[in-house]
Amino acid sequence: MRPSDALFRVTVTLFAAVIPLSLLVLLLFLLHDAWPAIRFNGVDFLFKNAWNLGNQYGNPVTVHGQQVMPGASFAILFLIVGTLASSLIALLLAVPLGVGAAIFLAEAVPAGLRSYLALLVELLASVPSVVFGLWGYVVLIPLLAHHVYPHLARWLSGVPFLGPPPGSGYGLLTAGIVLALMCVPLIAANLREAIEATPQALREAGLAVGATRFEIVRKIILPRLRLPLIGVSTLALGRALGETMAVLMISGNALNILPGNIYSPISTMASFMVSQLDSALQDPTNMAVYGIAEIGLALLLLSLLVNAVARVLMPRGLSA
Amino acid sequence: MTHRSQPTRLRAPRFALLAAAAGLLAAGSAAAATLTLNETGSSLLYPLFNLWVPAYTKAHPGVQINTASTGSGTGIAQSIEGLVQFGASDAYLSDAQMKKNPEMLNIPVAISSQMINYNLPGLNNVHLKLNGTTVAGMYDGRIRYWDNAALKQLNPGVNLPHHLIVTVHRTDGSGDTFMFSQFLSFTDKTWAQKVGYGTSVNWPAVPGAIGANGNPGMVSALRNAPYSIAYVGVSFKNQTEKDGLGEAMLQNRAGRFVMINEKTVPAAAAAMVPKTPRDERISMIYAPGAESYPIINYEYVMVKRDQPDAQQAAAIKQFLTWAVSPQGGNALGFLKQVNFLPLPASARALTLAQIGQIR
């Protein structure tokens, strides 16, 4: 091997190693910062609803060898449920919409208009999430609270999780809707490209055997979308799980309570970390900050888990 | 000759450029000569700071003051970390926090109070009578509906609706939460034992309860969600009135139902100000006296005793001294707009003594 080749190999390896290494460093850093909280909380952290900074105007006490404020406890089941439930609702709403939009853009729009509409969808994908949040806060919540949820809850009364009380507009479904709107352009833009990548020969073959336009979409194009759909849904789920500002503004920021129905206020892990950091910084024992780091660690692991599950779900033959 | 004249011709613009650059540098150093002070924290104190700063900086062009409304929690945290010079807070630091940060001064600059507001369609022009026990019951789930027997008993003749109560609390660390939860702790034993008080508390898990960010968030949550109840700092009274929200009469220690006005807040202050210790960390919640309004407090500015340089220390002292002076920031022209009270003379003397410690 020539010296220049060796140098090239070393540099490229170094650059390539930066990505997995930074993940590892992030994990180690979170683990280090969360360690006192992990020892104090134990497994209850994941299975109970008890985020409580304790009596801030009392004097610190020692529990399990850790200094904490009296009465403090840190457990986040309600955050895990809120995060997963809002992301799941978002995906349930966004996938059909996104697939529909992609097919419409790729197949039903006249060629001249297509690039402009596609550009619009892609622009929508780059709107900052806080703008979606603001719109949800100012426009969507009053609309849903006064004119939609009361009727929806009445029609669906008797259906578990969908019936009354209709709540205040701040909550799980509102968060799901706004998250879905943020995910639709992501899904639509990616799937449109996948549809346009369908070989022309396949379409022509379909036409040759007398298939209608709809049959070509259903029998030739849709089956080929399965793999890209799983990929892009995972991406969208990642965005929904980690979304912070928009959810903070519209979720109702519930504390220590599981949602009773889809109109109930919730909190998510990411938005809770933001909203509670300042309060946590006032804890003279620092245990609240360690607790926030533990939420961060849990969120990171949850995202990794979701990605891993998506990998497993992906059909073997297709992943090549 | 032509060859030699060229550089001479070039020299003129070059010199102009150099002069321009020098001018810019001079302007830059002139800008650096203005001292920048930063304030963040309490959304209750924020409207007052926004009245103060333009008036003060007009008279003192050498100082620039930036303000931000982020919640008392942020004000406390960032002033302790030294990120801002003024941390605005409606709550004083706890003993444990003072032990950890002994260099912090809790400097009162005015007296404030807190309303309990609601959005009850058709009843917002009625001042409902509430006491600490019923409000605590609403916030911890013992009272779920507006037509609960306890509420009916306090408000005979008012046609209260059979509708779920939507309680709104602050999500951010907040001095308003401190005042409110302390009022509930002092009036309701169950609340005192189970929840207690602080800038953020362990809100009981009540279905439908929502969290809002800052006083502006509280007001818009009230506006958005009918049948809701929330606690709002008095500097937002103009806002709650504009939005047509209801304001409750609260039962004081003497058993009378009172609202915020020119009599009830000074009455409560008169009962509590003489008890103020030298470090001025004192709760004025649930003051004795027939006329006293039960939720009043000192508005604090958190300042580090030791500043990085003498110039900054002097600027901070000058501003705070102006802020608490009856001819300066404590003039009624400022305070009336946000419904605050000026510091009484005895409290002002303690505050000036604390300001004198900044160096």
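Nearest 500 deg cm²/dmol is fine: what mean residue ellipticity at 222 nm does chain B get from its DSSP H runs of n ≥ 4 alone, each adding -39,500 (n - 2.57), divided by its residue count?
That comes out to -13000 deg cm²/dmol.
Once the Cα atoms of the stretch A:85-160 are picked out, what are the Rg and Dmax in Å?
Values for the stretch A:85-160 (Cα only, Rg and Dmax): 16.6, 49 Å.
Would you list A:220, B:316 from fewest to most Cβ contacts within 10 Å?
Result, fewest neighbours first: A:220, B:316.
Can you tally the net charge around residue A:200? Count Lys and Arg as +1, Asp and Glu as -1, for every other residue whose Cβ sits under 14 Å from the Cβ of residue A:200.
Value of the local net charge: -1.
So, in nm, how far is label residue A:274 from label residue A:113 when the simple model puts each one 7 Å beyond its Cα toward the Cβ?
With each label point 7 Å from Cα toward Cβ, the separation is 3.6 nm.
Can you tell me the mean projection area, over all orientations, of the convex hull of the protein assembly as shown's alpha carbons? Units nm², please.
46.0
Within 10 Å of each Cβ in A:66-77, how many Cβ atoms from other chains are there, averaged over the peptide?
Average neighbour count from other chains, rounded to a whole number: 1.
Restricting attention to the alpha-carbon atoms of the stretch A:77-269, what are Rg (one decimal) and Dmax (integer), both in Å?
Using the Cα atoms of the stretch A:77-269, the pair Rg, Dmax is 19.0, 61 Å.
Could you list log10 I(q)/I(0) for the stretch B:182-306 at q = 0.17, 0.21, 0.23 Å⁻¹, which the Debye formula gives when each Cα is one point scatterer?
-1.11, -1.43, -1.47
Can you pull the three principal axis extents for the Cα set of chain B, in Å, largest first?
Result for chain B: principal-axis Cα extents of 106, 44, 37 Å.
Let me have the 222 nm mean residue ellipticity of chain A computed from DSSP H runs of 4+ only, each contributing -39500 (n - 2.57), with the sum over all residues rounded to the nearest 500.
Result for chain A: -20500 deg cm²/dmol, rounded to the nearest 500.
Under the definition of partner shielding as Cβ atoms of other protein chains within 10 Å of a residue Cβ, what is the mean value for peptide B:84-95?
That average works out to 2.
Dividing the alpha-carbon radius of gyration of the stretch B:27-174 by 2.2 N^0.38 Å (N being the number of residues), what value is obtained?
It is 1.47.
Taking the beta-carbon count within 10 Å as an exposure proxy, list B:240, B:67, A:83 from fewest neighbours to most.
B:67, B:240, A:83
For residue B:156, what is the net charge nearby, where nearby means another residue's Cβ is under 15 Å from its Cβ and Lys, Arg count +1, Asp, Glu -1?
Around residue B:156, the charge tally is +1.
With N denoting the number of residues in the stretch B:63-140, provide Rg(C-alpha) divided by 2.2 N^0.38 Å, to two decimal places.
1.56
Report the relative contact order of chain B, percent, no decimals, based on alpha-carbon pairs under 8 angstrom and at least 6 residues apart.
23
In the neighborhood of residue B:300, defined by Cβ-to-Cβ distances under 10 Å, what is the net charge if each Lys or Arg adds +1 and each Asp or Glu adds -1?
So the surrounding residues net to -2.
Please pull out the direction-averaged projected area of the stretch B:259-340, using the convex hull of its alpha-carbon atoms, in nm² to one decimal place.
So the Cα hull casts an average projection of 6.4 nm².
Using a 7 Å offset from the Cα along the Cα-to-Cβ direction at both residue A:47 and residue B:321, what is the distance between the two label points in nm, to one decimal?
6.3
Ranked highest first by the average count of other Cβ atoms within 10 Å around their residues, in what order do B:300-306, A:116-122 fall?
B:300-306, A:116-122
Along the Cα-to-Cβ line of residue A:301, 7 Å from the Cα, sits a label point; which residues in the stretch A:6-28 have backbone N less than 15 Å from it?
Counting only backbone N, you get A:27-28.
Mind checking the angle between helix A:226-242 and chain A's longest principal axis? C-alpha axes, 0 to 90 degrees, to the nearest 10.
Orientation of helix A:226-242: about 30 degrees from the principal axis.
Test of understanding: express the Cα radius of gyration of the stretch A:12-85 as a ratio to 2.2 N^0.38 Å, with N the residue count.
After normalising by residue count via 2.2 N^0.38 Å, the value is 1.50.
Quick check on my link table: of B:58/B:100; B:100/B:317; B:237/B:263, which ones sit more than 27 Å apart, alpha carbon to alpha carbon?
Cα-Cα > 27 Å for B:58/B:100; rest within.
For the stretch A:166-253, which semi-axes, largest first and in whole Å, follow from the square roots of 5 times the eigenvalues of its Cα gyration tensor?
38, 13, 8
Over the alpha-carbon set of the stretch A:1-137, work out the extent along each principal axis and list the three values in angstrom, largest first.
71, 60, 24
Using the Kirkwood radius over Cα pairs, work out the Stokes-Einstein diffusion coefficient for the stretch B:100-250 at 4 °C and 1.567 mPa s, in µm²/s as a whole number.
In µm²/s, the coefficient rounds to 82.
Write down the Å³ per residue value for the convex hull defined by the alpha carbon atoms of the stretch A:184-320.
Value for the stretch A:184-320: 149 Å³ per residue.
Which order do A:147, B:163 fall in if you start with the one that has the fewest other Cβ atoms within 10 Å?
Taking fewest neighbouring Cβ atoms as first place, the list is A:147, B:163.
A short reminder: the numbers here are calculations on the coordinates, not readings from a lab. Please read these numbers as outputs of a predicted model, since none were measured by experiment. Glycine also receives a Cβ, built like all others from the backbone with ideal geometry; neighbour counts cover every protein chain displayed.
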